Amino acid sequence: MTGAALAALLGRHGFDVFTGVPCSLIEDVIAALERDPRAPWIAAAREDAAVGLAGGAWLGGRRPAVLMQNSGLGTSLNALASFSLMYGLPALLLVTWRGLGGKDAPEHVLTGAITPGLLDLLGIPHRTLARESVDEQLAWAAREMAARLSPVALLLPPGVLETVVAGAARPASTVSGLRETRVAPHARISPDVLSPLISRREAIAAAVKQLGDEPVIHANGYICRESFSVADRPENFYMLGSMGLASAIGVGLALARPARRTVVFDGDGNLLMNLGIVSTVASLRPANLVHVVFDNEVYGSTGNQASPSRDVRLDAIARAAGYRTVAAVTGADEVAGAVRAALEDAGPHFVLVKVTTEEADVARIPHTPHALRDRFRKAMARP
Ligand SMILES: Cc1ncc(C[n+]2csc(CCOP(=O)(O)OP(=O)(O)O)c2C)c(N)n1
């Protein structure tokens with residue numbers, strides 16, 4: 001079977017969002033997906049970000065597949081455990097099996113030996129693809145995902161796919177309908193020095209006041225809790241674990257539901273943990289994404305340890321990457337204005353909100369992960 005045939009088969013089994021990090025064993029699969037105008041390949045910076053993106057896409061009504069090398073399973077462990085498995089979010093994990101039987105470059109040998117064991121430990125059902133049964137294995141994976149509401153893995157050993165040497169030219173990927181034409185990013189408000197004026201909860205309250213029924217993906221920690229205390233809504237997705245992934249989940253949802261705005265409430269520590277996402281956003285340019293970062297310059301939820309954002313302007317990083325608009329604000333009125341402007345205009349937008357380290361005394365999120373998933377997905381299914 002060729003990579004192009006496998007890509008076509010994935011489409012026939014209903015998979016319609018493809019993301020991940022490449023491995024040479026699936027070079028031809030990815031090349032075929034890059035050429036597919038209906039469900040083009042979304043290049044993630046890390047495998048765990050791809051897992052987040054796939055979850056966001058599923059919440060938006062799609063059937064995602066994450067393609068990765070088995071080394072990427074290690075990178076994805078926390079995303080799989082505290083996001084996909086905890087909430088119960090279906091995704092096909094198509095994992096190349098480097099190091100199988102100890103015959104590979106040294107860096108693959110140990111991971112190759114423990115790959116099925118890692119999936120077993122996580123409780124992710126898996127099968128190994130064989131050339132003559134790819135179709136049945138994909139049907140099995142699609143069935144299991146739907147029945148379990150959970151990720152399912154197919155391991156792809158070397159030799160199952162034929163290698164096509166020709167190196168066909170890859171067209172520039174176009175995500176039809178999801179992209180804005182490239183325009184120079186511009187700053188809305190960007191003073192050199194930003195002194196926080198309000199607390200994170202006050203800033204969240206000012207932002208929430210601007211919202212209608214837009215979905216908001218929340219970074220973990222007190223951002224969730226304080227937002228919950230301001231206003232709980234079915235359109236709020238509270239990320240309980242999986243630190244760093246709110247932005248990736250937001251990108252997946254924004255791409256899956258291009259007609260709707262997707263808002264991300266991020267933290268500085270969360271964004272820095274998954275900084276590659278700014279390049280994914282700037283490259284895909286989802287016009288409907290509003291990325292708000294509440295920057296208190298500390299890891300507030302774990303005791304106010306200093307974060308590098310004390311010395312590094314995150315808005316400058318977003319601007320350099322190529323978000324369409326970038327704002328950096330401090331006061332409640334400015335927060336409201338920046339969020340309102342972002343909701344009214346084509347993005348992607350980045351709003352940096354410098355806030356104090358003050359933490360409100362607020363309760364934990366009372367909803368179970370499955371309840372959060374179900375009410376959120378239902379809210380996303382509404383037109
Ligand atoms: C992988 C991982 N490492 C560490 C933690 C512990 N942790 C939970 S919230 C948090 C801080 C988040 O910082 P930030 O995004 O800046 O938000 P803040 O709490 O300051 O609002 C940390 C380190 C975690 N949940 N997951």
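The values are calculated or read from the model by the stated rules, or taken from the named source; none is laboratory data. Values in this document were obtained by computation on a predicted structure and should not be read as measured data. In this analysis, Cβ positions are derived from the backbone assuming ideal geometry, glycine residues included, and neighbour counts consider all displayed protein chains.
Key figures
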quantity	calculated
Every pair of residues 6+ apart whose Cβ atoms lie under 8 Å, when the first sits in segment 209-226 and is outside the structural domain of D268 (by TED's automatic domain parsing) and touching a residue at least 60 places away in the same chain (Cβ under 8 Å) while the second is crowded, with 24+ Cβ neighbours inside 10 Å and not in a strand (DSSP E or B)	none
Residue list for segment 11-50, restricted to those being part of a helix (DSSP H, G or I), touching a residue at least 60 places away in the same chain (Cβ under 8 Å) and either in contact with a strand residue (DSSP E or B) (Cβ under 6 Å, 6 or more places away or on another chain) or hydroxyl-bearing (S, T, Y) (or both)	L25, I26, E34, A50
Criterion: surrounded by fewer than 22 Cβ atoms within 10 Å (Cβ to Cβ) and assigned by TED's automatic domain parsing to the domain that holds R261 - qualifying residue of G331, G347	G331
Listing of helices (runs of 4 or more DSSP H) fully contained in segment 228-318 that carry 2 or more residues being near the ligand (Cβ under 10 Å from one of its atoms)	268-273
Segment 75-128, residues that are polar (S, T, N, Q) and touching a Ser or Thr at 6+ places or on another chain (Cβ under 8 Å)	N78, S82, S84, T111
Residues within segment 108-140 that are within 17 Å of S76 (Cβ to Cβ) and in contact (Cβ under 8 Å) with a residue 12 or more places away in the chain, tallied	12
Flag for R257 being over 21 Å from T19 (Cα atoms) and either within 15 Å of the chain's Cα centre (by Cα) or of a type outside the set (G, A, S) (or both)	no
Answer from N270, N220 - the residue that is over 20 Å from L343 (Cβ atoms), touching a Phe, Trp or Tyr at 6+ places or on another chain (Cβ under 9 Å) and of a type outside the set (D, E)	N220
Candidate set: segment 74-104, residues that are in contact with a strand residue (DSSP E or B) (Cβ under 6 Å, 6 or more places away or on another chain) and either among the hydrophobic types (A, V, I, L, M, F, W, C) or not assigned by TED's automatic domain parsing to the domain that holds V21 (or both); chosen: the one nearest to V160 (Cα to Cα)	W97
Filtered residue count, segment 204-227, keeping only those that are aliphatic (A, V, I, L, M), surrounded by fewer than 24 Cβ atoms within 10 Å (Cβ to Cβ) and part of a loop (DSSP other than H, G, I, E, B)	1
